[in-house]
Amino acid sequence: MTKGKTEVIVIGAGISGIKASLDLANAGISSLVLESRGRLGGRLCTEQMESGLPVDMGASWFHDCYTNPLLKKYWESGKVDFHFDDGKFSYFNDEGLVDENKRLKPVVEEIKLYMEDLYTKLPAEKDISIKEAVYQYLKDKKWCLTDYQIKHVPQLIRYFEMWIGSSWEILSARTIATDNHKGRDAMVMNGYSTVYNGEVEELVKASKLSSVDDLINPASSHHEQQGGCSVKLNNVVYKIQWDAKKREIVVYSRNALTNKTEQFRSNFLVFTAPLSVLKLTDLKEEGAIEWVPSLPPTLRNSLDKVSFSNLGKVFFEFPETFWNLDDDRILSLARVDQQYYNSTKSDPAAFSSFDFHKERLDKPIELKGKIPNGLDYTLLFLNLAKPTQKPFLLVLISSPLTQYIEQQESQDVIFEVFKPVFARITNLAISEIPKPLQIKTSKWSADPYARGSYTGVTVRDDYEVALEHLMNPTGIFDGSGRVRFAGEGVTDDGNGCAHGAWISGAREAEYIKHAVNRAKF
């Protein structure tokens with residue numbers, strides 16, 4: 001069934017897609033948003049614990065507060081409750097609380113300089129993992145390091161896993177070395193949906209509608225009217241085609257509830273689905289999209305050098321607090337790899353006896369195998385009891401533990417993974433750790449329309465090349481710039497962040513506004 005034509009079709013109702021539609025509506029340009037899920041928000045998803053506490057399965061923070069354009073807007077709106085969780089930060093290893101006088105952090109800072117000096121200049125094909133880069137550093141500099149530093153610094157630098165969501169086995173030394181943040185991070189305590197909903201409310205007004213229900217359940221096709229917008233949920237796009245005769249883009253979608261197919265036509269298209277979806281080449285995969293004609297080989301090939309990460313979240317609600325309430329954050333360091341430590345101590349600078357993981361994917365944990373021990377992984381605890389005055393903890397995890405936890409249905413099994421870590425950071429016996437009232441986890445790695453958390457930095461990635469092709473796409477369809485890309489992975493400002501996605505949506509709306517005003521088409 002073919003619907004009427006609109007000026008712009010937006011694929012995805014995340015914050016980048018909504019921002020693009022909002023700016024277009026304010027300029028009097030109509031748009032239709034097609035969203036595969038049965039809800040708004042994309043990877044912004046606020047849920048509630050049984051006790052009523054809002055928890056974000058996706059974005060939780062306003063990152064880069066020094067330059068974040070959304071921060072002042074929503075700070076002044078009074079709608080968002082912010083908490084700067086950058087106070088006391090404690091580290092624990094098998095020996096207990098790490099003593100600041102062991103001077104691990106200064107060595108970590110020096111390793112960052114080492115990687116920036118040696119690896120940022122390398123081409124992507126000569127990139128190595130952080131694990132291997134740290135190994136090289138320790139061999140080069142062990143003459144001026146203590147034995148304690150050689151043993152435990154590798155575990156502390158794995159804190160990068162908590163930013164990206166992949167293990168240090170595959171994280172890129174070349175890319176991580178240039179990853180500089182712009183200011184503080186403000187956690188949203190009443191749910192990032194308050195920010196997203198604020199943008200949606202603006203879109204409702206700009207589209208001259210009365211409510212969000214009118215936006216997603218329109219009585220008429222607002223997107224066919226000048227400056228109007230409609231959002232169609234449960235619409236899984238499976239093909240995007242160029243109609244050369246009519247000089248229009250045709251988008252084919254399937255309703256996830258009824259299986260009914262529809263066609264929509266437009267002059268422009270803004271693709272905001274995750275790059276993990278854009279990368280799919282097997283059309284049998286759920287969420288895969290066929291492009292007719294195909295995307296240019298230069299763009300398609302560049303996507304092969306873009307990875308997607310798996311940062312996971314585990315929320316715990318306990319009957320009472322049993323951890324140190326003074327800490328904002330607690331980092332549990334992975335147990336020391338004895339073979340790695342021995343190799344760094346004994347290997348000469350030009351020789352390596354350690355066998356490094358050479359693949360671009362983490363080795364998965366068998367779902368039905370032995371329950372993994374949380375002490376073997378880097379884990380970051382966010383003390384939500386401090387700002388909420390309730391017994392809550394959030395644990396950030398990375399691949400491959402994320403995929404294991406997100407596929408795990410048993411809360412008892414999940415608790416078993418983390419129980420020894422709770423004992424470590426509280427100095428309690430495992431038998432003394434109270435059973436949680438509720439555990440809630442993210443599910444992004446198991447979501448076919450996300451396939452992970454956000455764009456990553458895997459060893460031998462060449463993200464910069466892909467970014468150039470995505471931000472300045474050429475050779476698609478008639479080559480006139482009708483197809484645009486936006487999202488957290490299509491920006492060099494706030495990459496991987498909600499505000500970066502928002503910025504990219506504004507950028508593409510601006511491009512289309514200029515194109516329409518020039519009557520280019």
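Quick one: in the range 259-282, which of the residues that are in contact with a strand residue (DSSP E or B) (Cβ under 7 Å, 6 or more places away or on another chain) and among the hydroxyl-bearing types (Ser, Thr, Tyr) is nearest to Leu303 (Cα to Cα)? The extreme case among them is Ser276. Taking the range 74-110 as the range and being part of a strand (DSSP E or B) and either among the aromatic types (Phe, Trp, Tyr) or more than 24 Å from the chain's Cα centre (by Cα) (or both) as the test, the residues that pass are Phe82, Phe89, Ser90, Tyr91, Phe92, Asn93, Gly96, Leu97. Among the residues of the range 278-320, those identified as over 18 Å from Gly12 (Cβ atoms), surrounded by fewer than 19 Cβ atoms within 10 Å (Cβ to Cβ) and of a type in the set (A, V, I, L, M) are Leu283, Val292. Would you call Ile330 outside the structural domain of Asp127 (by TED's automatic domain parsing) and of a type in the set (A, V, I, L, M)? Judged against the criteria, Ile330 is not a match. Counting only helices (runs of 4 or more DSSP H) that sit wholly inside the range 302-412, those with at least 1 residues that are more than 18 Å from Ala423 (Cβ to Cβ) and acidic (Asp, Glu) are 401-407. Test Leu299 against the criterion of being outside any loop (DSSP other than H, G, I, E, B) and either modelled with pLDDT under 95 or under 30 Å from Ile476 (Cα atoms) (or both), and give yes or no. Yes, satisfied. Against the test of being assigned to a helix (DSSP H, G or I) and either in contact (Cβ under 8 Å) with a residue 24 or more places away in the chain or in the same structural domain as Tyr252 (by TED's automatic domain parsing) (or both), the options Gly38, Gly17 yield a single qualifying residue, Gly17.
So that you can scan it fast, the table gives a plain yes or no per residue for (1) touching a residue at least 60 places away in the same chain (Cβ under 8 Å); (2) of a type in the set (Ser, Thr, Tyr):
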site: His83; (1), (2): yes, no
site: Gly87; (1), (2): yes, no
site: Ser90; (1), (2): yes, yes
site: Glu100; (1), (2): no, no
site: Arg103; (1), (2): no, no
site: Glu110; (1), (2): no, no
site: Leu113; (1), (2): no, no
site: Lys126; (1), (2): no, no
site: Lys131; (1), (2): yes, no
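Of everything listed in (1) among the polar types (S, T, N, Q); (2) more than 14 Å from Met187 (Cβ to Cβ); (3) in contact (Cβ under 8 Å) with a residue 40 or more places away in the chain, the single unmet condition for Gln389 is (3). Within the range 343-362, is even one residue under 30 Å from Asp412 (Cα atoms) and crowded, with 16+ Cβ neighbours inside 10 Å? Yes, the range 343-362 has at least one match.
So for the range 206-217 (the condition being under 21 Å from Met57 (Cβ atoms) and either polar (S, T, N, Q) or not assigned by TED's automatic domain parsing to the domain that holds Gly28 (or both)), does at least one residue qualify? Looking through the range 206-217, none of the residues is under 21 Å from Met57 (Cβ atoms) and either polar (S, T, N, Q) or not assigned by TED's automatic domain parsing to the domain that holds Gly28 (or both).
Counting only residues that are in contact (Cβ under 8 Å) with a residue 40 or more places away in the chain, of a type in the set (A, V, I, L, M, F, W, C) and in a helix (DSSP H, G or I), the range 418-458 holds 6 of them.
So which residues in the range 472-497 are free of Cβ contacts under 8 Å to residues at least 60 places away in the same chain and either charged (D, E, K, R) or out of contact with any strand residue (DSSP E or B) (no Cβ under 7 Å at 6 or more places or on another chain) (or both), if there are any at all? Result: Asn472, Gly479, Ser480, Gly481, Thr491, Asp492.
Yes or no: the range 237-251 includes at least one residue that is on the phi < 0 side of the Ramachandran plot, under 23 Å from the mean Cα position of the chain (by Cα) and at pLDDT 95 or above. Yes, the range 237-251 contains a residue that is on the phi < 0 side of the Ramachandran plot, under 23 Å from the mean Cα position of the chain (by Cα) and at pLDDT 95 or above. Is it the case that Ser36 is under 30 Å from Glu320 (Cα atoms) and either surrounded by 18 or more Cβ atoms within 10 Å (Cβ to Cβ) or out of contact with any Ser or Thr (no Cβ under 9 Å at 6 or more places or on another chain) (or both)? In short, no.
When Gly500 is tested against (1) farther than 25 Å from Ser453 by Cα; (2) modelled with pLDDT of 95 or more, only condition (1) is not met.
Scanning the range 179-211 for residues that are in a loop (DSSP other than H, G, I, E, B) and in contact with a Cys (Cβ under 7 Å, 6 or more places away or on another chain) gives Gly183, Arg184, Asp185, Ser207. Taken together, the residues in the range 121-152 that are outside any loop (DSSP other than H, G, I, E, B) and either under 20 Å from Leu333 (Cα atoms) or among the charged types (D, E, K, R) (or both) amount to 21. Checked across the range 111-120, the condition of being touching a Phe, Trp or Tyr at 6+ places or on another chain (Cβ under 7 Å) and outside any strand (DSSP E or B) holds for at least one residue.
Yes/no matrix, rows are residues, columns are (1) among the hydroxyl-bearing types (Ser, Thr, Tyr); (2) touching a helix residue (DSSP H, G or I) at 6+ places or on another chain (Cβ under 7 Å):
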position	(1), (2)
Phe322	no, yes
Asp327	no, no
Ser332	yes, yes
Asp337	no, no
Tyr340	yes, yes
Ser346	yes, no
Ala350	no, no
Asp355	no, no
Leu361	no, no
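Taking the numbered list (1) surrounded by 20 or more Cβ atoms within 10 Å (Cβ to Cβ); (2) modelled with pLDDT under 95 in turn, Ser221 passes all entries but (1).
Among the residues of the range 193-216, are any among the polar types (S, T, N, Q), over 30 Å from Phe264 (Cα atoms) and out of contact with any Ser or Thr (no Cβ under 9 Å at 6 or more places or on another chain)? No, that holds for no residue. Scanning the range 153-178 for residues that are hydrophobic (A, V, I, L, M, F, W, C) and not in a helix (DSSP H, G or I), we see that the one that is farthest from Lys102 (Cα to Cα) is Ile170.
The values are calculated or read from the model by the stated rules, or taken from the named source; none is laboratory data. Quick caveat, the model's predicted, so the values are computed rather than measured. Reconstructed Cβ throughout: ideal geometry from the backbone, glycine too, with neighbour counts over all protein chains shown.
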